[in-house]
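Reviewing the structure listed below.
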Amino acid sequence: QVQLEESGGGLVQPGGSLRLSCAASGIIFSIYAMSWYRQAPGKQRELVARISSGASTVYGDSVKGRFTISRDNAKNTVYLQMNSLKPEDTAVYYCKGLYYVNEYWGQGTQVTVSS
């Protein structure tokens with residue numbers, strides 16, 4: 001049974017930082033491309049960052065220079081370090097694993113940026 005479990009969300013003030021984690025089980029984690037997506041109320045889900053099995057990274061334009069995606073294959077975990085957070089970063093953040101046609105999503109974790 002495949003599970004992707006996100007953690008680390010919460011309430012943070014503008015300019016603050018959070019680190020999200022996504023722990024995977026039931027897959028050969030090291031071969032999967034892992035991504036973080038987010039969805040704000042009334043908006044479409046959008047790509048935040050992606051890291052390939054070879055650790056190449058891609059970022060959405062709105063988070064470049066502020067967010068960093070990384071992975072630890074020994075812990076089957078992908079991380080999203082979020083710095084300089086803005087109110088517009090408020091959303092539910094989802095983890096996704098992809099290997100060819102095999103695609104899995106986590107349940108999401110809420111991030112709220114507000115003073």
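The values are calculated or read from the model by the stated rules, or taken from the named source; none is laboratory data. This structure is a prediction, so every number in the text was calculated from the model and none was measured. All Cβ positions, glycine included, derive from the backbone under ideal geometry; neighbour counts span all protein chains shown. These accessible areas exclude ligands, DNA and RNA; they are computed on the full protein's heavy atoms, side chains included. Shrake-Rupley method; radii C 1.70, N 1.55, O 1.52, S 1.80 Å.
Centre-to-centre separation between the Cα atoms of region 11-35 and those of region 79-115: 7 Å. Each of T112, T68, T77 has its accessible area taken with a 1.4 Å probe; listed largest first, they run T68, T112, T77.
The length gained by stretching the chain between Q81 and I31 to full extension, at 0.36 nm per residue less their Cα-Cα distance, is 15.8 nm. Using C-alpha pairs below 8 Å separated by at least 6 residues, the relative contact order for the chain is 36 percent. The three principal axes of the C-alpha atoms in the chain carry coordinate ranges of 40, 25, 24 Å, sorted with the longest axis first. Evaluated with a Cβ-only charge set (Lys, Arg +1; Asp, Glu -1), region 1-105 carries a dipole of roughly 140 debye about its Cα centre, given to the nearest 20.
Among the trypsin sites (Lys or Arg not before Pro) in region 49-114, those located in a DSSP loop and surrounded by at most 12 other Cβ atoms within 10 Å of their own Cβ are K64, K75.
Each semi-axis of the equivalent ellipsoid for region 16-78 is √(5λ) with λ an eigenvalue of the Cα gyration tensor; in descending order they amount to 21, 13, 12 Å. Solvent-accessible surface of the chain, taken per residue with a 1.4 Å probe and all protein chains present: 54 Å².
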